[in-house]
1. Name the single residue that is surrounded by the fewest Cβ atoms within 10 Å (Cβ to Cβ) among those in region 213-246 being polar (S, T, N, Q) and in contact with an Asp or Glu (Cβ under 9 Å, 6 or more places away or on another chain).
2. For Gly185, all conditions in the list (1) crowded, with 17+ Cβ neighbours inside 10 Å; (2) more than 13 Å from Phe232 (Cα to Cα); (3) more than 29 Å from the chain's Cα centre (by Cα) hold save one; what is the number of the exception?
3. Would you check if Val137 is assigned by TED's automatic domain parsing to the domain that holds Leu121, out of contact with any Lys or Arg (no Cβ under 6 Å at 6 or more places or on another chain) and β-branched (Val, Ile, Thr)?
4. Here are the criteria: (1) more than 22 Å from Phe236 (Cα to Cα); (2) modelled with pLDDT under 75; (3) among the aliphatic types (A, V, I, L, M); (4) more than 19 Å from the chain's Cα centre (by Cα). Tell me which single one Ile85 does not satisfy.
5. For region 116-129, how many residues meet the condition of being in contact with a strand residue (DSSP E or B) (Cβ under 8 Å, 6 or more places away or on another chain), in a loop (DSSP other than H, G, I, E, B) and surrounded by fewer than 16 Cβ atoms within 10 Å (Cβ to Cβ)?
6. Please verify whether Val244 is within 20 Å of Asn140 (Cβ to Cβ), in contact with a strand residue (DSSP E or B) (Cβ under 7 Å, 6 or more places away or on another chain) and of a type in the set (A, V, I, L, M, F, W, C), treating the condition exactly as stated.
7. Would you confirm whether or not region 204-214 contains a residue that is modelled with pLDDT under 90, assigned to a strand (DSSP E or B) and acidic (Asp, Glu)?
8. Taking the condition hydrophobic (A, V, I, L, M, F, W, C) and within 19 Å of Phe138 (Cα to Cα), does Val230 pass?
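The values are calculated or read from the model by the stated rules, or taken from the named source; none is laboratory data. Quick caveat, the model's predicted, so the values are computed rather than measured. In this analysis, Cβ positions are derived from the backbone assuming ideal geometry, glycine residues included, and neighbour counts consider all displayed protein chains.
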Amino acid sequence: MPRPFIVVSIFITIIILLNFLAPHILSGTVQWIGTPFWSFGKSTRNVIYNTTNFFRTKNSLISENKILREKNIELKINLLNQGNILKENKKLNEILNRDRNNNIILGYVISWPPSSPYDTLVIDVGANQGVEKKDKVFFNGLVVGEIYDVFDHTALVFLFSTNGSKTSVILNEKTPVVAEGVGGGNFIIKLPKDVSIKTGDKVSLSEDASSQIGIVEYIETKPSDAFQNVFFRSLFNIFEIKEVQILNEQ
């Protein structure tokens, strides 16, 4: 039998005998032997607790910082949105060139040709939002038509270029004439030959020279005719219109 095994066996036997014959001696001995181990265990537990608490506190701080960053971003977005709203309101006022007392209603187009009659639009605001017949309709700073019919929550917009529609206009802010819509954003004006006109000339509403509706694109003349046909086109594509501003002056 190996010697180390014999030594261990004798030691265990002595411990057992002391436990029966003199337990108070064994208790003190065990305490004396175990104290360093208990102290080491306590220190180890403290280190583990402190380390765990450190990482828990660190994770908590990281989480709180993340929440604060998210709130900060949210506040910045809200401020940016408020700034954009103010800019948009200012832009609308500049676009329409009107004072603050006039009522501007924002509407979105929900139907284009051919779903709606040619050169007409259906918008998502109506009588309940304050829209009325004959209200002028603007798109990107250009007056494009007027309200033809109104329902509770929708309205029908007739563009000035609607076939057969007649609109009083001014050429180059000085010559009052009547333009007739021929559809597709196009117009025709009949003028005496002696009236000076050229391509690129501005066409505006007669009631407001600042409200441009198009520019002259082509002039047709015939030797046997005392009149000239002036063709001009809207400055926009009808299918690009997604939202409009309605000016209610009632």
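1. The selected residue is Asn229.
2. Of the numbered conditions (1) crowded, with 17+ Cβ neighbours inside 10 Å; (2) more than 13 Å from Phe232 (Cα to Cα); (3) more than 29 Å from the chain's Cα centre (by Cα), the odd one out for Gly185 is (2).
3. Here the answer is yes, as Val137 does meet what is asked.
4. Here Ile85 meets the rest and fails (4).
5. Count: 3.
6. Taking the combined requirement at face value, the residue satisfies it.
7. yes
8. Judged against the criteria, Val230 is not a match.
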